[in-house]
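Worksheet: the structure to be examined is printed underneath.
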Amino acid sequence: MNPDLQTNKRIVILGGGTAGWITANAMVDSWADKGFDITLIESPEIGTVGVGEGSTPRLKLFFDALSVQESDWMPKCNATYKNGISFANWSTRPGFERYFHPFATQIDRHTLTAFYFNTYARRQGVDLHAHPDRFFLSAKLAEKRQGPKPNENFPFVVEYGYHFDAHLVGEYLKERAKGLNVKHVQARVLDVNQTPDGDIASLLTDAGDTIEADFFVDCSGFRGTLLQQTLQVPFRFFAENLFNDSAVVLPTDQVADIGSETVSTAMKYGWAWEIPLTHRIGNGYVYCSSFCSADEAETELRTALGLLGSDTEARHLKMKVGRVEQHWHKNCLAVGLSQGFIEPLEATALNLVCNTVYDFIETVEAEGFAGRGRESFNERTNQGFEKVRDYIVAHYIMNTRDDTDYWRQNGENKMVSDPLRQILQIWKTGKNLNEEMERLQIPSSYSAMSWYCLLAGYGFYPDIRPMPADNPAASQFNMTKIDEFIRRCSMNFRSQNEQLRF
Ligand SMILES: Cc1cc2nc3c(=O)[nH]c(=O)nc-3n(C[C@H](O)[C@H](O)[C@H](O)COP(=O)(O)OP(=O)(O)OC[C@H]3O[C@@H](n4cnc5c(N)ncnc54)[C@H](O)[C@@H]3O)c2cc1C
């Protein structure tokens, strides 16, 4: 064991949002045998951001690692199962106005070849069915409002995420961490004391206490109290290719038949999410304040939801999109909104939180707290942010709307990273995306399948070319058989409503 881990450490986490409590749980579990003293400080007065209701399958891995059962946490957090995300009205190409980005299932192995073949042929101009949805079981489950948990006789693994009430997940994780001896201090940090060499020494609270520690985790949200404000680590904004900086949030009543997907619908100056929880639907409009005012955004969202005359109150939020230059600096690690944020189009924030925390734990276990693994950790975490950003930017580059300057400027934006430029080029030139991404070692957090779904889902294809009637490509895969295969597989899944009866 690294000698640095043999001495008792005092760790203070500043912030009790989802990031703070995920960090506390991950650390207390991973270091249960080390006798570390972990304290979390949060200010009820400041509160949490209170949004963040969708996840990727990474959250399931997190709960599995803690041995937390779905039957325990899901009902307490009004949580539902999520098969993936539908993107509606981003593309105006006929037949491609909507597509589904599925979470992976083992069943995909049986249909991916056909999907890849058809998209390959379609990119050469052959008239074949090349929209992703018919090839994926998760898309069918979402369409039929079925949950992702198969009946016992279905021997294939299905990945899935969740929708949940962010506040309640925080509460759940808080109680769990407190039960494992994480100390909880409710106070506002007013000042930060530093050592002569610039490390953080202690935090001064409004209760007059000075809380010392050896290591600090900054989970203070967009404020970035410790890493950005005290240690002056610079923040890199992603505004050159992610324009959105604001959001407005409005809940609506849940319908009887609960859905099992997030829906992201393009609006005039951004997009709106629709997230089904057990007790309500979470809705929000993410937009760019240079193109529309908060009032205009609220009115557009209210109109879309049929809430124009309603007195349901809307919440307005500002978003700081980008990342810090170093996530771990001196004796401080930033996790969550304090380390950076990419707009929630693919619900990736908690994914990045989990990746950051567990990578940090592994790095410290191998190299200690003193900082030997710090540089490579920061490099990996930066890459993680940039790889997610590229996938989100691709949605904007692929959009074909021209109803507002917002969409035109997004579509024409040339500020794309080299990896994203390469991916788009490979697709456009009709090459094999899997092979080329591997050969050129293009960094991506997303699998080739996700890239195929995005590019095919937007209908990013050349015009169909006339082919001889007996063109062999046209009869290569029988879509009716694929439809039947997916339909039969889907019979092994019950409705979301039924799957939520624990
Ligand atoms: C519009 C929007 C939609 C989102 N949607 C998603 C989504 O679908 N999926 C997803 O994964 N993520 C989403 N996110 C991100 C998600 O909300 C956050 O990643 C997550 O909630 C973690 O937030 P946090 O804990 O870092 O910060 P916060 O929730 O802001 O918590 C900050 C904590 O720090 C405390 N604090 C701050 N300063 C002090 C101080 N001086 N003294 C004491 N305490 C202090 C506060 O009291 C609070 O407890 C979304 C974010 C936004 C803005």
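The values are calculated or read from the model by the stated rules, or taken from the named source; none is laboratory data. Owing to the predicted nature of the structure, the values given are computational and were not obtained by experimental measurement. As a convention, Cβ positions derive from the backbone with ideal geometry for all residues, glycine included, and neighbour counts pool all protein chains shown. Surface areas here come from the heavy atoms of the whole protein model, side chains and all, with no ligands, DNA or RNA. Shrake-Rupley method; radii C 1.70, N 1.55, O 1.52, S 1.80 Å.
Please go through segment 134-171 and give me each residue that is more than 20 Å from the chain's Cα centre (by Cα) and surrounded by 20 or more Cβ atoms within 10 Å (Cβ to Cβ), ordered by number.
The answer is Phe135, Phe136, Leu137, Lys140, Leu141, Gln146, Pro150.
Looking at segment 27-46, which of the residues that are touching a residue at least 40 places away in the same chain (Cβ under 8 Å) and more than 16 Å from the ligand (Cβ to nearest atom) is farthest from Ser445 (Cα to Cα)?
Ranking the candidates gives Asp37 first.
Could you tell me whether any residue of segment 241-263 is under 23 Å from Asn378 (Cα atoms), of a type in the set (A, V, I, L, M) and open to solvent by less than 10 Å² (accessible area, probe 1.4 Å)?
yes
If you go through segment 332-358, how many residues are buried (at least 20 other Cβ atoms within 10 Å of the Cβ) and more than 13 Å from the ligand (Cβ to nearest atom)?
Selection size over segment 332-358: 1.
Kindly state which strands (runs of 3 or more DSSP E) lie completely within segment 185-233 and contain at least 3 residues that are open to solvent by 20 Å² or more (accessible area, probe 1.4 Å) and of a type outside the set (A, V, I, L, M, F, W, C).
Where strands (runs of 3 or more DSSP E) fall fully within segment 185-233 and carry at least 3 residues being open to solvent by 20 Å² or more (accessible area, probe 1.4 Å) and of a type outside the set (A, V, I, L, M, F, W, C), they are 189-194.
Conditions: (1) under 27 Å from Phe62 (Cβ atoms); (2) out of contact with any Gly (no Cβ under 6 Å at 6 or more places or on another chain). Arg302 meets all but one. Number of the miss?
(1)
Name the residues in segment 199-209 that are more than 12 Å from the ligand (Cβ to nearest atom) and within 25 Å of Asp4 (Cα to Cα), would you?
Asp199, Ile200, Ala201, Ser202 - these are the residues of segment 199-209 that are more than 12 Å from the ligand (Cβ to nearest atom) and within 25 Å of Asp4 (Cα to Cα).
Quick test for you: out of Val49, Val12, pick the one residue that is within 16 Å of the ligand (Cβ to nearest atom) and open to solvent by less than 40 Å² (accessible area, probe 1.4 Å).
Val12
Which of the residues that make up segment 16-42 are crowded, with 23+ Cβ neighbours inside 10 Å and either within 15 Å of Glu171 (Cβ to Cβ) or at pLDDT below 95 (or both)?
If the condition is that a residue be crowded, with 23+ Cβ neighbours inside 10 Å and either within 15 Å of Glu171 (Cβ to Cβ) or at pLDDT below 95 (or both), then Gly16, Gly17, Thr18, Ala19, Gly20, Trp21, Ile22, Ala24, Asn25, Leu40, Glu42 are the ones that fit.
How many of the residues in segment 318-373 are over 21 Å from the mean Cα position of the chain (by Cα) and assigned to a loop (DSSP other than H, G, I, E, B)?
8
Please identify the pairs in which a residue from segment 94-123 that is on the phi > 0 side of the Ramachandran plot has its Cβ atom under 9 Å from the Cβ atom of a residue that is modelled with pLDDT of 95 or more, counting only partners at least 6 apart or on another chain.
Every condition considered, the pairs that remain are Gly95/His131; Gly95/Gly459.
Select from segment 99-124 the residues that are of a type in the set (A, V, I, L, M), more than 23 Å from the chain's Cα centre (by Cα) and open to solvent by 30 Å² or more (accessible area, probe 1.4 Å) and list them in ascending order.
Leu112
Within segment 310-319, does at least one residue satisfy the condition of being of a type in the set (Lys, Arg), open to solvent by 40 Å² or more (accessible area, probe 1.4 Å), out of contact with any helix residue (DSSP H, G or I) (no Cβ under 8 Å at 6 or more places or on another chain) and more than 16 Å from the ligand (Cβ to nearest atom)?
No, that holds for no residue.
Would you confirm whether or not segment 286-300 contains a residue that is among the hydroxyl-bearing types (Ser, Thr, Tyr), within 15 Å of the ligand (Cβ to nearest atom) and either over 29 Å from Leu352 (Cα atoms) or not in a helix (DSSP H, G or I) (or both)?
yes
Rundown of residues vs (1) in contact with a helix residue (DSSP H, G or I) (Cβ under 9 Å, 6 or more places away or on another chain); (2) farther than 30 Å from Gly270 by Cα, yes/no style:
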position	(1), (2)
Val192	yes, yes
Ile200	yes, yes
Glu212	no, yes
Phe222	yes, no
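For segment 228-249, which positions are within 12 Å of the ligand (Cβ to nearest atom) and in contact with a Ser or Thr (Cβ under 8 Å, 6 or more places away or on another chain)?
Scanning segment 228-249 gives Gln228, Asp245, Ser246.
Checking the conditions here, which among Gly430, Gly384 is open to solvent by less than 30 Å² (accessible area, probe 1.4 Å) and modelled with pLDDT under 95?
The unique qualifying residue is Gly430.
Would you confirm, using the coordinates I've provided, whether Arg145 is at pLDDT below 95 and not hydrophobic (A, V, I, L, M, F, W, C)?
No, not satisfied.
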